[in-house]
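*Asks:* Structure in structure tokens, see below.
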Amino acid sequence: MLYTSTRDKTVRVSSAQAIAQGISKDGGLFVPESIPAITPDFIASLLPLSYIERAKKILALYLTDFTPEEIDLCVNGAYQAGKFSSNKVAPLQKIADGANILELWRGPTCAFKDMALQLLPYLLTTAAKKTVADKTIVILVATSGDTGKAALEGFRDVPGTKIMVFYPNDGVSPMQKLQMTTQEGGNVCVCAINGNFDDAQNGVKKIFTDPAVAAKLDENGMMFSSANSINWGRLVPQIVYYISAYCDMIEAGEVKNGEEINIVVPTGNFGNILAAYYAKAMGVPVKTLVCASNANNVLTDFLTTGVYDRNRAFYTTTSPSMDILISSNLERLLFHLAGDDDKRVAAWMRSLSATGTYTVEKDIREQLLALFAAGCCDDEATKETIQKTYAAGYLCDTHTAVAVNVFEAYRERSGDRTPTVIASTANPYKFSAAVLRAVLGSVPADADEFDQVELLIETTGEPCPKQLATLRGKAPRFTACCEKDDMERQVYDMLGIG
Ligand SMILES: *Cc1c(COP(=O)(O)O)cnc(C)c1O
């Protein structure tokens, strides 16, 4: 299977090249030229297998230039026993009739990003060996909080790699910030920027696609790659858990093989829900993909009207990992829905960068309406949902609560009772203040982050993951904060090149 660019169909590269390179030179994203089909028999063959063995079978459909031994090594390393706090890796929890939470945050950093970022370093170093031997891979990350920590943890001390993370200074939770600024490892660097996530993402994209910067790295035996969800190596591991969740729905007796499910995803950069789209396009019987947003509801509007418009107020919410106005991965969806029309995609993206908006035509809009339902909720509704869901027996974080809220509203207005998988993307202790405010009604004014953790433990009896609890009192290693125009300089400093 070969991969092409969403903005230039003449590009044709192997999966190893797509993963090593991260983004196409024309600024487009790599997509598979065709989406592999799976049958109910294939799904039946996955049922008795562990998550690791399911992952190997599914990844082999996309990474056709990796040998079976290479895939074994990558997957065994990523999901080995002890790395995830559930032996199912991503367990399903039934919370109500027809509502099943898919816990994607059982990994080392307690957010769903671990599902992909534990595997990506293996995929990337294997891919680099095949394509660009001997070069040091430099990973640049823009993060709204969770990607940064998960990428740092995934790439920490991986030979032949260096990683630099930029995060918005006022746009992440205290726990997220502490997780990143205390990161250990000899090949890591973390820097705050004065700006929001979109500024960080734009800055990284600019450095990344600047030929002069690339030439400078090349002179020094280095090359950039990306750990953001623009990298195909981030997306493909996420397809696995939706197919595996369908298997678990069958095993739990929620559906029979061949019967439909719905999938609800709290969405920011459109990576996680795009993986669910790929699972559906492959043949998993998914009726509706429900896209859940917080107050930054640019996707709710787009999926219902066909007009993408980022010219709007930006809100800092209690679900910061979804505080995004430019959802990069939408570009991949549009490429597939437009029948691989690279010219059309390139024109939309030109319009987006020139005016902040684009409008898709009727043919695309009709497909969007058939595939997706969309909804959003504000912080107040998020809080009420945490409270209600907790009272019914399940403590969820703010992002998951957005998904639960939008799911309930969708079910109410559509009457659609299809058994549903709701992606749960973070452990509640990553966002203790907001969760505590929801379950207690208020937070004592003098309580610091870890007092809040203690209170949340006392109140709910839910254990706090050790890797979060032990951050208490740990001194930050990385305290720098730069202007958004100074990111390139920071990268050179980290790499020790002038
Ligand atoms: C990244 C993230 C999201 C959004 O996922 P996308 O793939 O960017 O849509 C949602 N919730 C949490 C907790 C996250 O870390």
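*Asks:* Expressed as a rounded percentage, what relative contact order does the range 86-128 have, with Cα pairs under 8 Å and six or more residues apart?
*Replies:* 24 percent
*Asks:* Helix-only estimate, please: 222 nm mean residue ellipticity of the chain, summing -39500 (n - 2.57) across DSSP H runs of length 4 or more and dividing by its residues, to the nearest 500.
*Replies:* Dividing the helical sum by the residues of the chain leaves -14000 deg cm²/dmol.
*Asks:* Going by how many other Cβ atoms sit within 10 Å of their own, how do Met223, Met180, Met249, Met1 line up, fewest first?
*Replies:* Values: Met223 18, Met180 28, Met249 22, Met1 14.
Result, fewest neighbours first: Met1, Met223, Met249, Met180.
*Asks:* Sticking with this structure for a sec: About the Cα centre of the range 1-96, how large is the charge dipole given +1 on each Lys and Arg Cβ and -1 on each Asp and Glu Cβ? Please answer in debye to the nearest 20.
*Replies:* Roughly 360 debye for the range 1-96.
*Asks:* Please state the shape class of the range 228-329: rounded when a/c is under 1.5, otherwise prolate if a/b exceeds b/c and oblate if not, all from the C-alpha gyration tensor.
*Replies:* prolate
*Asks:* Order these by the 10 Å Cβ neighbour count, fewest first: Leu29, Leu495.
*Replies:* Leu495, Leu29
*Asks:* Additional query: Just report the Cα centroid separation between the range 145-174 and the range 258-292, whole Å.
*Replies:* About 27 Å separates the Cα centre of the range 145-174 from the one of the range 258-292.
*Asks:* If you don't mind, there's one more thing I want to ask. For a 24 Å ceiling on Cα separation, which of these pairs sit above it: Lys256/Lys388; Lys205/Lys383; Lys88/Lys256; Lys177/Lys484? Before the final figure, lay out each step's value.
*Replies:* On the way: Lys256/Lys388 30 Å; Lys205/Lys383 34 Å; Lys88/Lys256 20 Å; Lys177/Lys484 18 Å.
Beyond 24 Å: Lys256/Lys388; Lys205/Lys383.
*Asks:* To continue, here is another question. What is the ratio of the Cα radius of gyration of the range 138-279 to 2.2 N^0.38 Å, with N the residue count, to two decimals? Present the calculation step by step, with values, prior to reporting the outcome.
*Replies:* On the way: Rg = 17.9 Å, N = 142, 2.2 N^0.38 = 14.5 Å.
Working it through for the range 138-279, the quotient is 1.24.
*Asks:* In which sequence would Lys206, Lys130 go, from the one with the fewest C-beta neighbours within 10 Å to the one with the most?
*Replies:* Lys206, Lys130
*Asks:* Is the shape of the chain rounded, prolate or oblate, going by the alpha carbon gyration tensor and its root eigenvalues a ≥ b ≥ c, with a/c under 1.5 for rounded and a/b larger than b/c for prolate?
*Replies:* rounded
*Asks:* Give me the dipole magnitude in Debye, nearest 20, for the range 203-335 about the Cα centre, with unit charges on the beta carbon: positive for Lys and Arg, negative for Asp and Glu. Before the final figure, lay out each step's value.
*Replies:* Values: 10 positive and 12 negative charges, 52 e Å.
Dipole about the Cα centre, nearest 20: 260 debye.
*Asks:* Expressed as a whole number of Å, what is the distance separating the alpha-carbon centroids of the range 100-130 and the range 1-70?
*Replies:* Going from one Cα centre to the other spans 15 Å.
*Asks:* Sticking with this structure for a sec: Among rounded, prolate and oblate, which fits the range 385-498 when a ≥ b ≥ c are the square roots of the eigenvalues of its C-alpha gyration tensor, a/c under 1.5 means rounded, and a/b larger than b/c means prolate?
*Replies:* oblate
*Asks:* To the nearest 20 Debye, how big is the dipole of the chain about its Cα centre, given +1 on the beta carbon of each Lys and Arg and -1 on that of each Asp and Glu?
*Replies:* With Lys and Arg at +1 and Asp and Glu at -1, about 660 debye.
*Asks:* Here is a follow-up. Compactness ratio of the range 54-144: Cα Rg over 2.2 N^0.38 Å, N = residue count?
*Replies:* So the range 54-144 has a normalised radius of gyration of 1.27.
*Asks:* Please state the relative contact order of the chain as a whole percent: Cα pairs under 8 Å, 6+ residues apart?
*Replies:* Relative contact order, the chain: 18 percent.
*Asks:* Now for a different question. Give me Rg/Rg_expected for the range 316-392, where Rg uses Cα atoms only and Rg_expected = 2.2 N^0.38 Å with N residues.
*Replies:* 1.46
*Asks:* Among Asn76, Leu119, Leu92, which residue has its Cα furthest toward the positive end of the charge dipole of the range 1-122, with +1 on Lys/Arg Cβ and -1 on Asp/Glu Cβ?
*Replies:* Leu92
*Asks:* Compute the signed sum of charges (Lys and Arg +1, Asp and Glu -1) over the other residues within less than 15 Å, Cβ to Cβ, of Gln387.
*Replies:* -4
*Asks:* Restricting to Cα pairs below 8 Å that are 6+ residues apart, what does the relative contact order work out to for the range 23-158? Please round to a whole percent.
*Replies:* 17 percent
*Asks:* Then there's this: Which aspartates and glutamates, if any, have their Cα less than 13 Å from the Cα of Lys130, not counting same-chain residues under 8 positions apart?
*Replies:* Output for Lys130: Asp65, Glu70.
*Asks:* Where both partners of a DSSP beta bridge lie in the chain, what percent of those bridges are antiparallel, to the nearest 5?
*Replies:* Taking every DSSP beta bridge with both residues in the chain, the antiparallel ones total about 25 percent.
None of the figures in this text is laboratory data; all of them are computed from the coordinates on show. Everything quoted here is computed from the prediction, not taken from an experiment. Glycine also receives a Cβ, built like all others from the backbone with ideal geometry; neighbour counts cover every protein chain displayed.
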